[in-house]
Each structure stands twice: as structure tokens, then as C-alpha cells.
Amino acid sequence: MKLNELTGTIPGKVRMIGDQDTEILNICGDSRKVQPGDLFICVPGLHMDAHDFAPQAVQRGAVALLVDHPLELEVPQVVVENVRLAESYVAAQFHGNPAQKMHMIGITGTKGKTTTSFLLKSILEEAGKKVGLIGTVCSMIGEEVIPSKLTTPDPLDTQAMLQKMAEAGVEYVIMEVSAHALAMDRLAGIRFDVGAFSNFSQDHLDFFESMDSYFECKMRFFDPKMTDRIVFNVDDERIAQGIAATGREALRVGIREGSDVYVNDIEISECGSNFLMTWHKHFRVSIALKLAGIFNVYNALLAAGVCISLGIGPEAIRRGLEDVRAVPGRIELLETGTPYRVILDYAHSPDSLENILKAVRETTKGRMIALFGCGGNRDRAKRPLMGEIAGELADFCVLTSDNPRNEDPMEILAAIEEGIRGTGCEYVVIENRREAIKYALMHAHPSDVVILAGKGHETYQEINGVRHPFNEKIVVAELLKEIAGK
């Protein structure tokens, strides 16, 4: 594809320097991976600026550059106002604008995106559709599973994946839409048939600095330029106010009967949730959801609302919701063969930790043991909050490392202790996560529940910038063998 064809859709001011007919064989944003014939995209990052690596990219064979200011290099350059924004349009153009060939569904919210996405995929497949999924746990094309690095990948990876999906005959694509992706224009140029908003609570304040700026970023997704239709959780007052302020029509889901789609007669057990779902004046259907917790009832409601907006009938919705037995790392009951339960969950924010602890409390006959930590180089304000929440809701806590990244793990744990001390809850601090899990397992009694919070589906632990293999399912199995052998 010629350079001028590739860059023709970029919005705003575009200045071309050099031969516009230069043939582009590929696009790349990593100077170490550049191949001869590439367009090198100079994205200014939080810690590094790719403009600084343009000379190396040219040495490796880059034949053109996408930049926000001209560089003293003898190759054609495309100068734009916003490289990140331009990257999204260039990536879509290079891959043939695949999103335009499929129905696009986006799910945003502080939590619940992954579970809602899996529920949506199940419903659509029950309706006979071929479905693609791009999210936190993985990407999927039908049953093919592709590992994920980010909740919402960068534009080059996203568009390559969408092209692969379109070529495979995918009809519907479900994407988890993170606030970071919206802030960084990773989805610019993609139009979504439906945009859904699950809930809103504290997270990512290390990046957004305030709840208001975090929320405003989420609301960008509901600009008419990005989404045709809106489905949202009306029981979340902040979301309800935000959507109302747009003046757009939307499908409201919630537990209150004032919603367009609502549930009642809710019965929650450790095996799941039974409820009656009603779409006002259209249908009423009984659902036996195999996922426990009131928050999963909300996830099911949101998934159903999206499918209703797409014209999917009640029977496919019922079968699809009931077919999902578990979502990786989301209130996942591990098969341990022990007289106590061990539950794996991705909860890593105050609200998500509170939700999992309250949900498990409803079905716990013995003690509830909460093992958790907080990630390094992230929102520091949530650390004492999570300590306080766990101390108030759990019977015993094991404070340990999550992903300390480049921070001192003991300083992170000290901040969590600030919150837990005032609750009176008994706790221990064991920085080594493997040893902490072993301690929790060895001190669990029959009918207790051990909740391993924070890692969920992750298969690594990041320490000093290095990702070390750490799959908690495997770790638990290994530790139980060790304990049984003593």
C-alpha cells in the first residue's frame, strides 16, 4: 500500500514530507522489530518517546515515519498533530478497516467487563452467530484462544486481530474497552454497534488523578461518533447521571423495576443465582445462572441488555447465560478436594474486593480467609481502603505481594496495614505470595473459605520489572501436595 493511501484517513492537519508514493509493506511501533519496507510510528510514551528511536528504525529498513514533528532523517515523513490518534486510523486502513465488516460490541466499566464479555459470547453463539472476543483474559475467534497482554490492545494488534476475525467469518466482535484505551485513542476510528457501561468505582487514580477525570474518560465511549446504541446499569447513579447528560436514548438494566430490563425473585447460593428476568412489555424468563454473587446478576443483566438491543430472543439469552459455568479468575472455585473451599478472583480494587467478600460471605459456614495485596506503581490511595474493607468483612487476612513491580513490597504492605489495623481483624503479613498461600491453606478449617484475591487469570508475578511465572491454580495444586506429604 502506498504511503498516501495509508495516511489518507487521518483526521486533522497532516503534512507530507518526501515521496508520498513510497510503498509500505508493514507498520511497526517498536524499533527493535522493524523490517525493511515498514512505516515506523513514533508514539510519544509515558516513559519513552519513539521519536528518539527513529534513527535505529531507519537503519533497520523503515522507509517512512509517522511523527508529530519533522526529524532530520532522509526518509518520507507524515507529520500529524496526534500520533496515537493517527496510529489508530493508519492501522485500520492498513488492515482493510475490518471493524466495518462486523458487528462491534464494546463493554466498559471499572469491573465486570470480562465476565459480561464471556456471557455475551455464550448468548450470541447460542443464537447461531460466529463470535470474536478481545479482552483481559484472552482473545478468542470462536473456540481458538489467543493470549492477551492488555485489556484493550494497541491499535496495531487490535486491527491485526480484527482482520483475522473478519477473514475467519466472525459476525460479532466483543471488546473490553478500558479507560486507558480511550485516553490513548487506541479505538479511534472504530464505530461500535453497541456500547455498554457496567459500573463505576475507584481504580487507576495513578493515571487519571481524580475520579472525575476517570469518569469523563469512560464517557468518551458514549459519544455518538463511537457508539450507535447504549446499554447501561441504571442502578449505578454516577453512570445514570452521565448517560442522561448526553441526551441520548439508552436501554436501562437494573434490579429496580423502573429499568427497561430488570430482575426479581433473586436467590443466591454458592452454586449460582436464580432469578426472573423481564424486558418490560416484551418477555419474562427464568434464569438459573451458575455464577454466584449479586454482581454477576448485574453482569448477566448487562449481557442480556446488549443482546436485546441486537435483536436476540429470550430463549438464546436464557441458554447462553445458563451455559457459562465459570469465567477464568473470576470467583473461580478451584478443585482442591479439601474440606474447605478455595476461590480464585481477580479483585484488585476496593469495590471489587468488597463485592467478592460480600458474595462469598453469604454462603460461608465457617471462617472467611482473605489473601490479597496491592499492585506496585499503581493507585496508592486504594491500599489502606482495601485493608479496611478486608478487615471489616473477612474473619482473617493474609497480606502478601500482588505485582509489586518496581516498588518495595513491604512499603505496599505497610500501607495496607494502615487500613486494616483499626478494624480489629486478625491478620498476618507474609510478603512471599507462595508462602502466604501455603500459610492460608494450612490454617484453613473444614467449612472455611480461602479467597485468593488479586491475581485471577494472571500467570505471572511482576517483581522489579521482571515477570516471573506464577499461576495460582498450579501453585495451589503444588502446595496441597506438599502439605499432604508432610
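Label separation (Ala477 vs Glu392): 3.8 nm, computed from points 7 Å beyond Cα along the C-beta direction.
Run through the DSSP bridge list for the chain and note the antiparallel percent, rounded to the nearest 5. Show your work: numbers first, answer last.
Working: 34 of 84 bridges.
Of those bridges, close to 40 percent are antiparallel.
Rounded, prolate or oblate for the range 332-486? Axes are the square roots of the Cα gyration tensor eigenvalues, ordered a ≥ b ≥ c, and the cut-off for rounded is a/c under 1.5. The shape class here is oblate.
For the range 123-199, the solvent-accessible area of protein heavy atoms averages 33 Å² per residue (probe radius 1.4 Å; ligands and nucleic acids excluded).
Since only Gly293, Ala91, Ala57 are under comparison, the one whose Cα sits farthest along the positive direction of the charge dipole of the chain, derived from C-beta charges on Lys, Arg, Asp and Glu, is Gly293. Note on the chain: helix-only mean residue ellipticity at 222 nm, from DSSP H runs of 4+ residues weighted -39500 (n - 2.57) and normalised by residue number, equals -10000 deg cm²/dmol.
From the cross-link list Lys111/Lys382; Lys121/Lys290; Lys130/Lys164; Lys164/Lys455; Lys101/Lys164; Lys113/Lys365, which pairs have alpha carbons spaced over 20 Å apart?
Long pairs (Cα-Cα over 20 Å): Lys164/Lys455; Lys113/Lys365.
Think of the range 316-435 as a dipole: +1 on every Lys or Arg Cβ, -1 on every Asp or Glu Cβ, centred on the Cα centre; then among Gly422, Asn406, Pro350, Pro350 lies furthest on the positive end. Each label point was placed 7 Å from the Cα along the Cα-to-Cβ direction; for Thr246 and Asp68 their separation is 2.7 nm.
Could you tell me the distance between the Cα centroids of the range 269-346 and the range 458-486, to the nearest Å? Cα centroid to Cα centroid, the span is 29 Å. Neighbours of Asn403 by Cβ distance under 9 Å: Lys/Arg scored +1, Asp/Glu scored -1, total +1. If the segment from Asp49 to Glu315 were pulled out straight at 0.36 nm per residue, it would be longer than the present Cα-Cα gap by 90.6 nm.
Considering only alpha-carbon pairs that sit under 8 angstrom and 6 or more positions apart, the relative contact order computed for the range 236-381 is 15 percent.
In a simple Cβ point-charge model (Lys, Arg +1; Asp, Glu -1; nothing else charged), the range 137-203 has a dipole of about 140 debye relative to its Cα centre.
The stretch between Asp323 and Asp265, if pulled fully straight at 0.36 nm per residue, gains 18.8 nm over its current Cα-Cα span.
Let's see if you can work this out: charge +1 on each Lys and Arg Cβ, -1 on each Asp and Glu Cβ, no other charges. What is the dipole magnitude of the range 372-471 about its Cα centre, in debye to the nearest 20? Can you show the working numbers first?
Details: 11 positive and 16 negative charges, 68 e Å.
Roughly 320 debye, rounded to the nearest 20.
Kindly work out what percent of the DSSP beta bridges joining two residues of the range 1-80 are antiparallel, to the nearest 5.
Working: 6 of 15 bridges.
DSSP beta bridges in the range 1-80 are roughly 40 percent antiparallel.
I need the shape label for the range 252-407. Rule: rounded when a/c is under 1.5, else prolate if a/b > b/c, else oblate, with a, b, c from the alpha carbon gyration tensor.
On the way: a/c = 2.28, a/b = 1.79, b/c = 1.27.
Verdict is prolate for the range 252-407.
In the chain, if the dipole is taken from +1 on Lys/Arg beta carbons and -1 on Asp/Glu beta carbons about the Cα centre, which of Cys374, Leu276, Thr115 is farthest to the positive end? The residue sitting most towards the positive pole is Leu276. Per-residue packing, averaged as other Cβ atoms within 10 Å, sorts the ranges 20-29, 345-354, 265-274 into the order 345-354, 20-29, 265-274, beginning with the highest.
What does the charge dipole of the chain about its Cα centre add up to, to the nearest 20 debye, if the Cβ of each Lys and Arg holds +1 and the Cβ of each Asp and Glu holds -1? Could you put the intermediate results ahead of the total?
Numbers: 51 positive and 68 negative charges, 194 e Å.
Computed about the Cα centre, the dipole is about 940 debye.
Residue-wise HN-Hα couplings along the range 271-279, as the Karplus relation 6.51 cos²θ - 1.76 cosθ + 1.60 with θ = phi - 60° gives them from phi, are 8, x, 9, 10, 7, 9, 9, 10, 9 Hz; Gly and Pro carry x. With all protein chains in place and ligands, DNA and RNA left out, the 1.4 Å accessible area ranks Met161, Met277 as Met161, Met277, largest first.
If you roll a 1.4 Å probe over the chain with all protein chains in place, what percent of the accessible area is carbon or sulfur? Each step should come with its number before you reach the end.
Working: 9990 of 20560 Å².
Here it works out to 49 percent.
Straight-line cross-link reach from Lys438 at under 13 Å between alpha-carbon atoms covers these aspartates and glutamates, not counting any fewer than eight positions away in the same chain: Glu472, Glu478, Glu482.
If Val67, Val145 are ordered by their accessible area, calculated over protein heavy atoms with a 1.4 Å probe, which sequence runs from highest to lowest? All intermediate terms of the calculation are to be shown ahead of the outcome.
Details: Val67 0, Val145 90 Å².
The residues order as Val145, Val67, largest area first.
Here the label points at Asp19 and Ser213, each 7 Å from Cα along the C-beta direction, are separated by 4.4 nm in the simple model. What angle, in degrees between 0 and 90 and rounded to the nearest 10, separates the Cα long axis of helix 350-361 from the longest principal axis of the Cα atoms of the chain? With both axes taken from Cα atoms, the answer is about 40 degrees.
So what's the angle, to the nearest 10 degrees on a 0 to 90 scale, between helix 113-126 and the longest Cα principal axis of the chain? So the inclination is approximately 80 degrees. Considering only alpha-carbon pairs that sit under 8 angstrom and 6 or more positions apart, the relative contact order computed for the range 250-332 is 24 percent. Rounded to the nearest Å, what's the spacing between the alpha carbon centres of the range 1-75 and the range 426-448? Just the number, please. Using only Cα atoms, the two centres lie 52 Å from each other. Rounded to the nearest 10 degrees, the inclination of helix 409-420 to the longest alpha-carbon principal axis of the chain is 50 degrees.
For Arg238 and Lys365 in the same chain, what is the full-extension length gain: residue separation times 0.36 nm, less their Cα-Cα distance, in nm? Before the final figure, lay out each step's value.
Working: separation 127, 0.36 × 127 = 45.72 nm, distance 3.51 nm.
Taking Arg238 through Lys365 to full extension adds about 42.2 nm, to one decimal.
Of interest is the spacing of the C-alpha centroids, which for the range 245-261 and the range 88-158 amounts to 25 Å. Accessible surface ranking for Phe200, Phe221, Phe53, 1.4 angstrom probe, highest first: Phe53, Phe200, Phe221. Of the beta bridges in the range 52-183, as assigned by DSSP with both residues counted there, near 35 percent are antiparallel. Using a probe of 1.4 angstrom and keeping all protein chains present, the accessible surface of the range 313-471 works out to 41 square angstrom per residue. Amide H to amide H, with H built 1.01 Å from N, Gly375 comes under 5 Å of Asn403, counting only residues 5 or more places away or on other chains.
The values are calculated or read from the model by the stated rules, or taken from the named source; none is laboratory data. The structure displayed is predicted, hence computed values, not measured ones. Neighbour counts are summed over all protein chains in view; Cβ atoms, including those assigned to glycine, are modelled from backbone coordinates with ideal geometry. Please note that ligands, DNA and RNA were not included when accessible areas were found on the heavy atoms of the full protein model with its side chains. Shrake-Rupley method; radii C 1.70, N 1.55, O 1.52, S 1.80 Å.
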